[in-house]
Ligand SMILES: [Zn+2]
């Protein structure tokens with residue numbers, strides 16, 4: 001099954017939108033290649049309100065989040081799906097302005113000193129003109145847009161784990177959010193399920209406009225696939241991701257993501273069955289139809305597949321270390 005993305009989404013930045021009796025949203029004006037049209041910040045409940053992912057640290061954005069509250073309401077909990085800066089950079093300021101404690105699965109996992117992708121180049125596949133053009137684009141790209149930035153400063157006040165319940169609201173309108181641990185995009189990623197409305201806030205785990213970026217070592221494809229399967233075992237009716245529009249009838253959509261990744265895995269296994277290969281060999285063949293600008297990101301994706309195959313004992317690096325530059329082969333069984 002192919003996935004049909006929905007990119008029909010034009011937020012009105014800084015305006016509060018009421019999505020349901022218990023859900024309001026403000027979208028931050030931080031659109032870029034990773035955030036699509038920007039970070040959607042959800043306010044849950046009435047009276048005693050929880051915020052899911054404060055978003056960037058822009059003052060006018062945080063003003064808009066606080067401005068979304070009605071008279072007598074206050075933000076009493078700041079929930080975090082995962083530690084990427086487009087979700088958490090605004091936490092310290094929002095916390096200072098509300099005194100609300102933060103809730104999350106844990107701090108960000110270890111981050112390598114250098115981006116391992118720097119070792120991988122597809123220059124020999126580019127024409128001279130393409131090379132010059134791509135280099136210019138890359139040089140002009142602001143640092144924070146080169147990859148989704150891990151936020152290593154965040155540490156939750158309240159550590160949450162799978163199936164924990166977080167409640168709030170007013171006496172006659174309570175809300176209950178269940179924590180659903182969904183590692184993969186990051187190791188500490190969680191979704192929050194709003195029990196009263198059968199809604200799942202999916203963060204960056206399942207999005208309507210694109211697939212999740214899986215960047216090893218903290219991102220893990222094996223975990224990601226299991227976290228997709230976990231959602232198939234639940235009966236949430238609507239997903240609200242951080243970026244882009246809602247996903248209704250979510251199960252076929254989640255199955256589409258699983259099918260997509262498994263077909264990529266089959267391609268890799270097929271290629272390796274012809275003989276050992278490097279990621280540099282695999283990407284141009286597997287992504288021949290894809291814009292060459294995305295090949296480096298594709299290298300990360302192929303790497304995450306190889307690590308997943310390694311974990312299952314189906315593939316291994318020939319010279320010991322599993323890396324982006326290793327030569328990989330299938331394990332004889
Ligand atoms: Zn993210």
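The values are calculated or read from the model by the stated rules, or taken from the named source; none is laboratory data. Keep in mind that this is a model prediction, so the values were computed, not measured. With ideal geometry, Cβ positions are generated from the backbone for all residues, glycine too; neighbour counts draw on all protein chains shown.
If you go through segment 106-132 and pick out every residue that is within 30 Å of residue 159 (Cβ to Cβ) and at pLDDT 90 or above, you end up with 4.
So that you can scan it fast, the table gives a plain yes or no per residue for (1) surrounded by 18 or more Cβ atoms within 10 Å (Cβ to Cβ); (2) over 18 Å from the mean Cα position of the chain (by Cα); (3) more than 25 Å from residue 198 (Cβ to Cβ):
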| site | (1), (2), (3) |
| --- | --- |
| 10 | no, yes, yes |
| 20 | no, yes, no |
| 27 | yes, no, no |
| 53 | yes, no, no |
| 68 | yes, yes, no |
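Of everything listed in (1) more than 16 Å from the ligand (Cβ to nearest atom); (2) surrounded by 13 or more Cβ atoms within 10 Å (Cβ to Cβ); (3) touching a residue at least 60 places away in the same chain (Cβ under 8 Å), the single unmet condition for residue 137 is (2). Of the residues in segment 90-107, how many are crowded, with 22+ Cβ neighbours inside 10 Å and within 16 Å of the ligand (Cβ to nearest atom)? Of the residues in segment 90-107, 4 are crowded, with 22+ Cβ neighbours inside 10 Å and within 16 Å of the ligand (Cβ to nearest atom). Flag: residue 112 does not match the condition of being surrounded by fewer than 20 Cβ atoms within 10 Å (Cβ to Cβ) and within 26 Å of residue 200 (Cα to Cα). Got a sec? Which of 264, 293 is closer than 29 Å to residue 27 by Cα, part of a helix (DSSP H, G or I), touching a helix residue (DSSP H, G or I) at 6+ places or on another chain (Cβ under 7 Å) and touching a residue at least 24 places away in the same chain (Cβ under 8 Å)? After ruling out the rest, the residue left standing is 293. For segment 55-66, taking the residues that are assigned to a loop (DSSP other than H, G, I, E, B) and more than 14 Å from the ligand (Cβ to nearest atom), the one that is farthest from the chain's Cα centre (by Cα) is identified as 58.
Residues in segment 229-261 that are within 27 Å of residue 25 (Cβ to Cβ), in contact (Cβ under 8 Å) with a residue 40 or more places away in the chain and assigned to a helix (DSSP H, G or I): 230, 231, 250, 252, 253, 254, 255, 256, 257. Is it true that some residue in segment 74-85 is away from the ligand (no atom under 16 Å from the Cβ) and within 24 Å of the chain's Cα centre (by Cα)? Yes, that holds for at least one residue. Residue count for segment 229-254 under the criterion of being within 16 Å of the ligand (Cβ to nearest atom) and in contact with a helix residue (DSSP H, G or I) (Cβ under 6 Å, 6 or more places away or on another chain): the result is 1.
The residue of segment 206-220 that is nearest to residue 107 (Cα to Cα), among those that are out of contact with any helix residue (DSSP H, G or I) (no Cβ under 9 Å at 6 or more places or on another chain) and within 11 Å of the ligand (Cβ to nearest atom), is 218. For segment 191-205, a residue qualifies if it is more than 12 Å from the ligand (Cβ to nearest atom) and either part of a loop (DSSP other than H, G, I, E, B) or farther than 17 Å from residue 253 by Cα (or both), and the qualifying residues are 192, 193, 194, 195, 196, 197, 198.
Residues of segment 70-109 that are closer than 17 Å to residue 60 by Cα, assigned to a loop (DSSP other than H, G, I, E, B) and in contact with a strand residue (DSSP E or B) (Cβ under 9 Å, 6 or more places away or on another chain): 90 alone. Of the residues examined, residue 246 is one that is farther than 20 Å from residue 213 by Cβ, at pLDDT below 95 and in contact with a strand residue (DSSP E or B) (Cβ under 7 Å, 6 or more places away or on another chain).
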